[in-house]
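**Q** After the structure tokens below, expect a handful of questions from me.
The values are calculated or read from the model by the stated rules, or taken from the named source; none is laboratory data. Only a predicted model underlies this, so the values are computations on that prediction, with no experimental measurement involved. When we count neighbours, we look across all protein chains shown, and the Cβ atoms used for this are built from the backbone with ideal geometry, even at glycine.
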Amino acid sequence: MNYRIALIPGDGIGPEIVREAVKVLDAAGKKYGFTLDYTEVLMGGASIDVHGVPLTEEAVAVAKASDAVLMGSIGGDAATSPWYQLEPSKRPEAGLLKIRKELNLFANLRPAYLYSELKAACPLRDDIIGDGFDMMIMRELTGGLYFGTRSTVEQDGVRKATDTLTYDENEIRRIAKRGFDIARKRRKKVTSVDKANVLDSSRLWRAVVEEVAKEYPDVTLEHMLVDNCAMQLVRDPKQFDVILTENMFGDILSDEASMVTGSIGMLSSASLNETKFGLYEPSHGSAPDIAGKDLANPIATILSAAMMLRFSLDLDEAAGAVEAAVKQVLKEGYRTGDIYSEGCKKVGTVQMGSLIAERV
């Protein structure tokens, strides 16, 4: 089988980590009898430099014509990059928001899993870690505060900014169904996170999630306020299976969960629409300070590529082989600088990618 993949290397370390993910994907294809045709797409700062905008309509068309999209990272140093002198709608991250909306990528899946080999990198105490944890954060991605009406005005000499948080019941219902479907394949527990004690949008969220839960009698539902969830992630992360939440809360909680695993450089993510189409990217940023230095950890991007094989291409065996190769390399003691500990073998971006590809 042949599949069409749109590649968005992006900015900073993006091109380096995508290159290693492609290396691993090609190794999996050779072993399991499939091929991938890649078409490179510019987005973020790279697109601004060439086209003057963070995402062109032509780039969106290429993505839509593909079976899936694999992305590196978007953005730069906000303090020094000329990209951040532009109005917000022309900055790198605007391209990311646009492609999510254009491709209707409403469901963001971010697994947070603690590898036994990386327990030393986890900032939590051993008695909290226990046998480790394995959670999936399901974040609604195309609604809420990030896509609501916003304005900045001056009234009577005082500057005033407004951001609008809006959800309708259909947006909530479709992400809730996806969350319960994922939970049904895991440990059958959903923790729905909101701020229902304050926000009307959260009260609607809670009501709709409870309606959806009736369709999944085999899945346990609990509600948790977002501030309590933030505390529970560091107090007892193993209690969570699927965390279901809205856009901004999911953005914050998934980054917190990533650091509980020891390094954000280890965590993959998938953004899916109502079909099998998805955009796959690491959870971390563009890290411009280490770009081009062979220091970046490509594992999050490689694991994102494995998610692509599983969720969009139905290549479960190949996906499992990639995940097993990552575990094997870690078991053998190889580490990039961000997850390095005494006694391990430090390697760079390129070597880490090669080691994983060799073990697929």
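**Q** At least 2 residues that are over 12 Å from T245 (Cα atoms) in each: list the strands (runs of 3 or more DSSP E) lying fully within segment 153-231 that qualify.
**A** Values: elements: 158-163, 189-194, 220-225.
Output list reads 158-163, 220-225.
**Q** State whether the residues of segment 56-71 include one that is part of a loop (DSSP other than H, G, I, E, B), assigned by TED's automatic domain parsing to the domain that holds P15, under 18 Å from G12 (Cα atoms) and at pLDDT 95 or above.
**A** No; the residues of segment 56-71 include none that is part of a loop (DSSP other than H, G, I, E, B), assigned by TED's automatic domain parsing to the domain that holds P15, under 18 Å from G12 (Cα atoms) and at pLDDT 95 or above.
**Q** Are there any pairs with C-beta distances below 8 angstrom linking a residue in segment 1-15 that is under 17 Å from D26 (Cα atoms) and assigned by TED's automatic domain parsing to the domain that holds G72 to a residue that is basic (K, R) and surrounded by fewer than 24 Cβ atoms within 10 Å (Cβ to Cβ), with the two at least 6 apart or on different chains, and if so which?
**A** P9/R19
**Q** Sticking with this structure for a sec: What are the residue pairs meeting all of these: first residue in segment 25-39, first residue closer than 20 Å to A324 by Cβ and in the same structural domain as A6 (by TED's automatic domain parsing), second residue part of a strand (DSSP E or B) and polar (S, T, N, Q), Cβ atoms under 9 Å, and 6 or more apart or on different chains?
**A** Cβ pairs passing all conditions: D26/T35; G29/T35; F34/N2; L36/N2.
**Q** Could you pull out every one of the helices (runs of 4 or more DSSP H) wholly within segment 262-360 that has 1 or more residues that are modelled with pLDDT under 95 and within 15 Å of the chain's Cα centre (by Cα)? Before you say what the answer is, go through the steps one by one.
**A** Working: elements: 299-311, 316-331, 349-359.
Once the helices (runs of 4 or more DSSP H) in segment 262-360 are filtered for at least 1 residues that are modelled with pLDDT under 95 and within 15 Å of the chain's Cα centre (by Cα), what remains is 299-311.
**Q** Which members of segment 310-338 meet the condition of being touching a Phe, Trp or Tyr at 6+ places or on another chain (Cβ under 9 Å), in contact (Cβ under 8 Å) with a residue 40 or more places away in the chain and within 25 Å of D11 (Cα to Cα)?
**A** S312
**Q** Sort out which residues of segment 192-204 are closer than 14 Å to M138 by Cα and more than 19 Å from the chain's Cα centre (by Cα), and write them in order of number.
**A** Residue satisfying the conditions is D194 alone.
**Q** Name the residues in segment 18-55 that are under 21 Å from W83 (Cβ atoms), touching a helix residue (DSSP H, G or I) at 6+ places or on another chain (Cβ under 7 Å) and assigned to a helix (DSSP H, G or I), would you?
**A** V18, G45, S47, I48
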